[in-house]
Amino acid sequence: MARVTLRKLVKNYEETPAVRGIDLDIADKEFVVLVGPSGCGKSTTLRMIAGLEDITGGEVLIGDEVVNDMPPKDRDIAMVFQNYALYPHMTVYENMSFGLRLKKVDKAEIAKRVENAARILDISELLQRKPKQLSGGQRQRVAMGRAIVRDPKVFLFDEPLSNLDAKLRVQMRTEIKKVHQKVRTTTVYVTHDQVEAMTLADRVVVMNGGVIEQVGTPNDLYHFPATRFVAGFIGSPAMNFIPCRLEVAGGGLAARLSPEIAFPVPHAREARYRPYLDSGNLLFGLRPEHIVEQRPHAESDQHAFEVPLEVTEPMGMETLVYFEIGGVEVCGRVNPNAGAQSGHRMKLVADLANMHLIDAASGKVL
Amino acid sequence: MALPLILIIVLLVGYPALFSIHMATLNKSMERFVGFENFTFLFSRETFWMVVRQSVVFAVTAVVFKALIGFCVAHFVHNIPAKGQRKWRGMLLVPWVIPPAMSTLAWLWLFDPSYSAFNWILEGVGIAPVNWLGDPNWARFAVILVNVWFGAPFFMIMYLAALKSVPEQLYEAAAIDGANWWQKLWYVTLPMMRNIIAITVLFSLIVTFANFDIVRVLTAGGPVDQTHVFATWAFKLGIESSDLPLGAAVSLFMFPILAIAAIFILRDINQRGNEA
């Protein structure tokens, strides 16, 4: 087991920067997920940790050792690839034991470790099969088994669930979490799926354009995003962003979203937001789950407003409603029994205790 | 749907094959049925067994070297950055593109007893000239060399295609598993290429075994029939000596030998199936 440290890590492909000097400390036994859109540098970062990409600048440490120039085989890591990368001509047993056989580990020890990993992953029955005889989920388990038998310092996962269908993905996500709870190995996991990131990670690292936007627990990122990018990336449907300006109203502050709608700013935030009274470049951010149907007993910081609904999307356990504020499409989540209908007006409430104010120029959440 | 194909096969393969079997059972003047007489006659001749030996040595040696050289060159080309790779691929294919009868004429000049460029080089470094096409062993070497020169690019292009189809992630997984260069080749590259290697070897074995033009142009089977292969000897007996039935009998001997090789190789491929 070991911690992983990235110091000012840089990767350039010829003149194109892919990773622009990131710093990250991953604690021993921690499950860290790197998440971000395509091309954000997350896979490149993982591959630099694995030793599959040369490092342009900075350092990668596994344990206390700088491994920049160490070949992958000497880093004591195991990796699960997006396409599983199982050797098609080998049986499951041979695939799982390949690394140990190369290390000339004793045959009895290899058998013990493979059987143990197979038991953890529930693939004991498949050991004599070839990869082509396995389903996608089974292949994924074998790929994980190959990593587990090596008992490495660090597990690296490169979008391991991307090739599975939606149902299997959810199932395998739980499996991965269970395996981590059993083996407690430091894990770095790359995905573009924010739900995967939120559900699996002890800490999530959100990357964008080769830099780290924010590092935090799933709850921190959800409730306290540092930037507009993180606020928009985490959560589904995405957070609503509506251009606004601050104004003084009724002794306090209000965020004016349109000539008809202005939301009062919670008192606790007034001091923080007051310096931006004259700023003409602000965004009001509120998640769809914080825009709900009006209920009989309003809580403090809840502000009612009425809008014509453009579209409604019944999801079963909730209904998504879409409407316009200040020319921007806004989404809310209402009770399916609240009677939301496209083309009809509806009374909604915004839970302003969860609002965010964002400086549109810098993208920082204020 | 399949009728045109069946017609083409019957006309271009079935009829000539059956006709040559029929012809091999006739006497020299093609007037009388003699059964297996032509075959028993061939078995009794020492030249026949020499041709069998030479055909096998020629085909097996040439295919082995073509396969080895093709494999090495394919690796070399595969590792060239994509930008310059096309040029190399094109240049290395040239020997295979030139009609062999024509390129063998150039080789004939290189081996010429009076003007041999090879001998000129050898003399330059103080080595006595070699009678390339007059000495039986050197003549055998020469026909194999030219065949390898002509056929290696085919192996190269087939192996290159096979190499490109091996997913890069397998090598990365092997690198993480601790495989060195040799172990990656042995445990990843070769098993992934096995079917292509087998098919290419089989195809080349058939073509090399039935080779005619290189031996015909370079040595015409000489010196003293020492470099004859089945096709050139069948030509000599059938066309030059006007004994078509005997020539047909010689050419028919290629079939069982190639059929056995094909059965073994195809069975192996079939057993492995498509593992990818």
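The values are calculated or read from the model by the stated rules, or taken from the named source; none is laboratory data. Nothing here was measured: the structure is a model prediction, and the numbers come from that model. Quick reminder, even Gly has a Cβ in these numbers, built from the backbone with ideal geometry, and neighbours come from all protein chains shown. Side chains are part of the model used for accessible areas, which takes the heavy atoms of the whole protein and leaves out ligands, DNA and RNA. Shrake-Rupley method; radii C 1.70, N 1.55, O 1.52, S 1.80 Å.
Over the alpha-carbon set of the range B:141-276, divide Rg by the Kirkwood Rh and report the Rg/Rh ratio to two decimals.
Value, to two decimals: 1.14.
Total Å² of accessible surface buried at the B-A contact, 1.4 Å probe, nearest 100?
Using a 1.4 Å probe, the pair buries roughly 2000 Å².
With +1 on each Lys and Arg Cβ and -1 on each Asp and Glu Cβ, and nothing else charged, work out how big the dipole of chain A is about its Cα centre, in Debye to the nearest 20. Don't skip to the end; give the middle numbers.
On the way: 45 positive and 46 negative charges, 291 e Å.
The dipole magnitude comes to about 1400 debye.
Quick check on my link table: of A:K29/A:K73; A:K42/A:K177; A:K73/A:K178, which ones sit more than 23 Å apart, alpha carbon to alpha carbon?
A:K73/A:K178
Per q in 0.18 1/Å, what log10 I(q)/I(0) does a Debye calculation on the alpha-carbon atoms of the range B:1-98 return?
Reported log10 I(q)/I(0), two decimals: -0.95.
Across the range A:240-359, how large is the tail of the calculated P(r) beyond 21 Å, expressed as a percent of all Cα pairs?
Values: 2554 of 7140 pairs.
So the portion of pairs separated by more than 21 Å is 36 percent.
What do you get for the angle between helix A:92-102 and the principal long axis of chain A? Use alpha-carbon atoms, 0 to 90 degrees, nearest ten.
Approximately 70 degrees, to the nearest 10.
How large is the translational diffusion coefficient of the range A:1-116 in µm² per second when you combine the Kirkwood radius over alpha carbon pairs with Stokes-Einstein at 37 °C and 0.692 mPa s?
Details: Rh = 16.0 Å.
Calculated translational D: 205 µm²/s.
Given the C-alpha centroids of the range B:233-250 and the range A:91-118, what is the distance between them in whole angstrom?
Answer, in whole Å: 62.
Longest exposed-loop-site-free stretch of chain A, with GluC sites (Glu not before Pro), DSSP loop and at most 11 other Cβ within 10 Å?
A:16-259
What number results when the radius of gyration of chain A, computed over Cα atoms, is divided by 2.2 N^0.38 Å? Before the final figure, lay out each step's value.
Values: Rg = 24.6 Å, N = 366, 2.2 N^0.38 = 20.7 Å.
Normalised Cα radius of gyration, chain A: 1.19.
Using only the Cα atoms of the range B:103-210, what are the Rg and Dmax in Å?
20.2, 59
Round to a whole angstrom and tell me the spacing of the C-alpha centers of the range B:1-30 and the range A:236-299.
Cα centroid to Cα centroid, the span is 90 Å.
Using all C-alpha to C-alpha distances in the protein assembly as shown, build P(r) with 10 Å bins and read off the rounded percent in each one.
Spelled out per bin, shortest first, that is 3, 12, 16, 15, 13, 12, 11, 7, 5, 4, 2, 0, 0.
Could you give the C-alpha radius of gyration of the range A:166-223 expressed as a fraction of 2.2 N^0.38 Å, taking N as the number of residues it contains? Before the final figure, lay out the partial values.
Values: Rg = 12.1 Å, N = 58, 2.2 N^0.38 = 10.3 Å.
So the range A:166-223 has a normalised radius of gyration of 1.18.
Given charges of +1 on the Cβ of Lys and Arg and -1 on the Cβ of Asp and Glu, with all other atoms neutral, how large is the dipole of the range A:251-304 about its Cα centre, in debye to the nearest 20?
160 debye
Could you go through the range B:192-209 in sequence order and give the Karplus-derived ³J(HN,Hα) for each residue, using 6.51 cos²θ - 1.76 cosθ + 1.60 with θ = phi - 60°, rounded to whole Hz, and x for Gly and Pro?
6, 9, 4, 5, 5, 4, 5, 5, 5, 4, 4, 4, 5, 4, 4, 5, 5, 4
Hey, any idea what the orientation-averaged projected area of the convex hull of the range B:66-164's Cα atoms comes to, in nm²?
7.5 nm²
Enter the accessible area per residue of the range B:1-146 (Å², integer; probe 1.4 Å; all protein chains in place).
Value returned for the range B:1-146: 66 Å² of accessible area per residue.
Averaged over its residues, how many other protein chain Cβ atoms are within 10 Å of peptide A:145-154's Cβ atoms?
Mean number of neighbouring Cβ atoms from other chains: 1.
Let me know the mean shielding of A:93-102 by other chains, meaning the per-residue number of their Cβ atoms within 10 Å of its Cβ.
Averaged over the peptide's residues, the number is 3.
In the range B:162-186, which residues give up 40 Å² or more of accessible area once the other protein chains are added, compared with their chain alone (1.4 Å probe)?
Buried by the other chains: B:Q169, B:L170, B:E172, B:A173, B:I176, B:D177.
Taking the range A:183-299 on its own, what percent of its Cα-Cα pair distances exceed 17 Å? If you can, show how the numbers build up before the last one.
On the way: 4412 of 6786 pairs.
Percentage above 17 Å: 65.
Could you work out [θ]222 nm for chain A from helices alone, using -39500 (n - 2.57) per DSSP H run of at least four and dividing by all its residues? Round to the nearest 500 deg cm²/dmol.
Details: 9 runs with 93 residues, N = 366.
Using -39500 (n - 2.57) per qualifying helix, the result is -7500 deg cm²/dmol.
When all C-alpha to C-alpha distances in the range A:106-202 are sorted into bins of 10 Å, what percent of pairs does each bin hold, rounded to whole numbers?
14, 49, 31, 5, 0
Return one whole number: the accessible area per residue of chain A in Å², for a 1.4 Å probe.
Solvent-accessible surface per residue comes out at 45 Å².
When we measure straight from the Cα of B:K87, which lysines land under 25 angstrom away, once same-chain ones fewer than 8 places off are left out?
B:K66, B:K164
Let me check I've understood the local charge: for A:Q302, count other residues with C-beta under 10 angstrom from its C-beta, Lys and Arg +1, Asp and Glu -1. What total comes out?
Local charge sum for A:Q302: -2.
Once neighbouring chains are kept in place and the probe is 1.4 Å, which whole percent of the accessible area of the protein assembly as shown is contributed by carbon and sulfur?
C and S atoms contribute 59 percent here.
Could you work out the helix-only [θ] at 222 nm for chain B, with each DSSP H run of four or more residues adding -39,500 (n - 2.57) and the total divided by the number of residues, to the nearest 500 deg cm²/dmol?
-22500 deg cm²/dmol
Counting only other chains, and only Cβ atoms inside 10 Å, what mean value do you get across the residues of A:42-51? If you can, show how the numbers build up before the last one.
On the way: counts 0, 0, 0, 0, 0, 1, 0, 0, 3, 3.
Mean shielding by partner chains, rounded to a whole number: 1.
Could you tell me how far the Cα centroid of the range B:60-115 sits from the Cα centroid of the range A:30-44, in Å?
Taking the Cα centre of each part, the range A:30-44 and the range B:60-115 sit 46 Å apart.
Report, to one decimal in Å, the Kirkwood hydrodynamic radius for chain B based on all distinct Cα pairs.
Value: 21.4 Å, from the Cα pair sum.
Taking the Cβ of A:R203 as the centre, find all other residues whose Cβ is under 15 Å away and add up their charges (Lys, Arg: +1; Asp, Glu: -1).
That sum, taken over residues with Cβ under 15 Å, equals -4.
Find me the longest stretch of chain B that has none of the exposed chymotrypsin sites (Phe, Trp or Tyr not before Pro), where exposed means in a DSSP loop (not H, G, I, E or B) with at most 12 other Cβ atoms within 10 Å.
With chymotrypsin sites (Phe, Trp or Tyr not before Pro) excluded where exposed in loops, chain B gives B:116-276 as its longest stretch.
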